[in-house]
Structure formats: structure tokens, C-alpha cells
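Below is one structure, written out as C-alpha cells; comments come after it.
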Amino acid sequence: MPASMFEFGLFGRLRQDAGQHWEHYVAHPFLQQLGAGTLPEAAFRRYLTQDYLFLVHFARAYALLVTKFHTLPEIRAAAGSLNNIVAELPLHVGYCAGWGLNEEQMAREPEATETINYTRYVLDIGHSGDALELLAALLPCVAGYAEVGLRLLADPATVMADNPYASWMQNYSDQGYLDGVKAAIELLDRVGQQRGADARFERLSEIFTTATRLEGAFWQMGLNAVEKPVNAW
């Protein structure tokens, strides 16, 4: 999936309209330090713990998305994304184990304010809006991580040798993950065409940009763990 594919269709328009908020998200100092291999381990552990809690709620949001559809192809597409997240959780837990974090430990951890703000916002959009609005809230995470992975691997400042975060970067530029992102972007386009995205663009952009801002705050939460240590493990 070439990086240029992020620039087209409804997703491309929403991404462009998010402007500096999108750039802050996909090029956040957390990611710059991660790519250079200089990110403090405490910051990454804080992120991993909260990301586990985030994924649980993200699965709930995709389960909600399934109920918003009426045709079997759309239901299959939403259910496929839900299944991918549910399947990702054991992989996430296995990865976290390498950082000294087990599932029971992460499940007991209180949710950070940033985790609550982001996940409840997405779920609120899902409960109050339709499938198109919920997709607009979900796509910054789904597609943004793919763009992050591809950008980091293409950045000459990124260090892969002896970088403890190398496998994390490779995971989000993996072809399997990129295929799932492509499917999600195509679903957004199809639903947008069916449900009047052009006439609703201002509202969709507001949702997409808000979710993008909350993504940036999620990275910052990791960095804040170094400046303001928390008892997360």
C-alpha cells in the first residue's frame, strides 16, 4: 500500500482537512524518539499498558459498527475489522510480555484520562451517530498507524539496528496490516457515497479531526509518564 493512497478519496479529504493536527499526530515527538531508539522505556511501557485498554474499547466500537449496517457485505467488512482487533489483542499481550507487562497487570491498570477521553468519544459518536460518523471516528487510528509505520521506515533518521522499537515499527508497516487499512479506507468511501458524505463533510471532518487530536494526546501521555511518573507497573 503506497503512502500516496492516504491522499485520495473521502479519507484523503478528511486527512487534509485535519491539517496540522494530522501532522502533529503522525510525526509526534514520541514517534521521532521511538524511530531514533531514544524513547525512554518508561514512556513506551506506559503507552503499551494504555494501548491494551484502548484496544478493548476499540473492539467494542467495531462491534457497535456492525449493528449500524444493514447489508451482509457491510456487516462482513465491519465484523472482519472487529475480528482483526480481537485477534490482535493476544499478539499485543505477547509483545507486552517482552517488556515485562502481563495481561492481568495491564487489565488492572486504571485508565489514563487520555484513554478515557479518546475511547468514550469514539463510543459516543457510535451511539449517537450512524455508521459513517463512527467510521470517521475510527479511521484516524486504523489508517494513521499505517502511515506512522511507513513514514518511520522511510525516514533516514530512523534507526533499525539495535533499536528496541524496531519490531513495533515493522508491525504497522506489515503487508497484512496494510491490507486491512486499505479495506477500511475503501469501506469509508463506499459508505460515504451511500450516505451523503459530501453534504455532511463539515460534521465528518469535525469528528475525524477530534479523533486525530486525541491520538496526538495519546502519544503525549506516554511522554508525560517520564516527566510525571505514574505507578503503571
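For the range 150-164, taking the residues that are part of a loop (DSSP other than H, G, I, E, B) and not charged (D, E, K, R), the one that is surrounded by the most Cβ atoms within 10 Å (Cβ to Cβ) is identified as Thr158. Taking each residue of the range 79-97 that is among the small types (Gly, Ala, Ser) and looking for partners that are open to solvent by 40 Å² or more (accessible area, probe 1.4 Å) and modelled with pLDDT of 85 or more with beta-carbon atoms closer than 8 Å, six or more apart or interchain, yields Gly80/Ala183; Ser81/Ala183.
Working only within the range 126-149, note down all residues that are surrounded by fewer than 16 Cβ atoms within 10 Å (Cβ to Cβ) and either in a helix (DSSP H, G or I) or touching a Pro at 6+ places or on another chain (Cβ under 8 Å) (or both). If the condition is that a residue be surrounded by fewer than 16 Cβ atoms within 10 Å (Cβ to Cβ) and either in a helix (DSSP H, G or I) or touching a Pro at 6+ places or on another chain (Cβ under 8 Å) (or both), then His127, Ser128 are the ones that fit. If you go through the range 19-77 and keep only what is hydroxyl-bearing (Ser, Thr, Tyr) and under 25 Å from Asn163 (Cα atoms), you end up with Tyr25, Thr38, Tyr47, Thr49, Tyr52. Within the range 165-182, which residues are farther than 18 Å from Ser81 by Cα, open to solvent by less than 50 Å² (accessible area, probe 1.4 Å) and either in contact with a Pro (Cβ under 7 Å, 6 or more places away or on another chain) or not aromatic (Phe, Trp, Tyr) (or both)? Correct list: Ala166, Met169. Any residue that is more than 30 Å from Glu7 (Cβ to Cβ) and of a type in the set (S, T, N, Q) - is there at least one of those in the range 55-74? Checking the range 55-74: at least one residue is more than 30 Å from Glu7 (Cβ to Cβ) and of a type in the set (S, T, N, Q). Kindly evaluate Ile116 against the criterion of being at pLDDT 95 or above, open to solvent by 40 Å² or more (accessible area, probe 1.4 Å) and aliphatic (A, V, I, L, M). It is true that Ile116 is at pLDDT 95 or above, open to solvent by 40 Å² or more (accessible area, probe 1.4 Å) and aliphatic (A, V, I, L, M).
Residue pairs whose Cβ atoms lie under 8 Å apart, sitting 6 or more positions apart in sequence or on different chains, and linking a residue in the range 50-78 that is free of Cβ contacts under 8 Å to residues at least 12 places away in the same chain to a partner that is in a helix (DSSP H, G or I) and surrounded by fewer than 20 Cβ atoms within 10 Å (Cβ to Cβ), are Ile75/Val66.
Out of curiosity, is Val148 of a type in the set (Val, Ile, Thr) and touching a Leu at 6+ places or on another chain (Cβ under 8 Å)? Criteria met by Val148. I'd like to check something: does the range 112-120 contain any residue that is more than 25 Å from Gly80 (Cα to Cα), under 17 Å from the mean Cα position of the chain (by Cα) and assigned to a loop (DSSP other than H, G, I, E, B)? For the range 112-120, residues more than 25 Å from Gly80 (Cα to Cα), under 17 Å from the mean Cα position of the chain (by Cα) and assigned to a loop (DSSP other than H, G, I, E, B): present.
The residues of the range 88-105 that are in contact with a Leu (Cβ under 7 Å, 6 or more places away or on another chain), in a helix (DSSP H, G or I) and at pLDDT 90 or above amount to a single one, Cys96.
The values are calculated or read from the model by the stated rules, or taken from the named source; none is laboratory data. Given the structure is predicted, the values throughout are model-derived calculations rather than measurements. Heads up, the Cβs are rebuilt from the backbone with ideal geometry, glycines too, and the neighbour counts pull from every protein chain shown. Calculation scope for accessible area: heavy atoms of the full protein, side chains included, ligands and nucleic acids excluded. Shrake-Rupley method; radii C 1.70, N 1.55, O 1.52, S 1.80 Å.
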